[in-house]
Structures are given as C-alpha cells and as structure tokens.
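The structure appears right after this line, and notes come after that.
All of the numbers you see were taken from the coordinates with simple rules; none came from a lab. Here the structure is a predicted model, which means the values were calculated and not measured. Virtual Cβ from ideal backbone geometry, glycine too; neighbours counted across all protein chains shown.
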Amino acid sequence: VVTSDGYINTLHRVYQDHPYDEVFESAPRTLDKPAEYSRRVQKPIIVMIHGLEDSADGWVLNGKDKSPAFVMAQKGYDVWIPNARGNYYSRGHVSLNATTDAQYWDFTIGDIALKDMPAFINFIRWKT
C-alpha cells in the first residue's frame, strides 16, 4: 500500500473461506427459504495494527489455534494486519532507500496515524 508521501507498506490478510451463510446470515432459514437463498452479506472486517517497534508477526506467531488473527479468521472475520512504515516488512519508498537515505527515517508516529492508517483503510475498503 503506497501512502500519500511515498512510503510503501505491506498489508497482510488472514481470510478463512467460509460460506457467508455459515458465518453471518441476514435472514433465518426456513423450509420455504433454504440457506442458498439467504442474502449474502460481507464478512465483518477487523484491522489489527501492531505497536511501536513491532510488526504484524505479533498477531500470528502463536500458531493457528492461539494467534488472535487466525482465531478471528476461523470465527468468520476478514482480518487485515498492516505493517507501518519502517518495520521489517515496510521499508519501501517510491524514491528513498531505507538503507542509504537518512531522509527515509524522517517521520513521526503522527505520520503513521495520518498517512499510513488512511492508506490502509482506503485499500481495505477498495478490496472489500
């Protein structure tokens, strides 16, 4: 996901492929209205952002039965895990190199809040 100031950040998606009616049904099943005729609805979305000096790894390292991201996906949620600028997975930029350009690191937590997060949310809205 590219931010308004050129940072290229990684966004992971954890998605369990359940049929919609198995997860969230918008109409009850009846004999005259079987499940395949229930209105299909979008799965609820969860965005799990990491803390400072961390990455998306923190949400998935405990295996599929204990990691919050996998547990929520198994329950039928559409889970998205962004990686903010500067962490291991998000060191890209359209014109700066994180290794050789000191200017790459000239950002604040405010930039993450005001530029990274809106870019992630807009991308997730576009994809879903």
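Maximal additional length on extending the Tyr88-Arg13 stretch stands at 25.3 nm, based on 0.36 nm per residue less the C-alpha distance. Each peptide in 42-54, 83-95 was scored by the mean count of other Cβ atoms within 10 Å over its residues; highest first, the order is 83-95, 42-54. Most tightly packed first, judged by the mean number of other beta-carbon atoms within 10 Å of their residues, the peptides 70-82, 2-14 read 70-82, 2-14.
Under 27 Å of direct C-alpha separation, and excluding same-chain neighbours fewer than eight residues apart, Lys75 reaches these lysines: Lys33, Lys43, Lys64, Lys66, Lys127.
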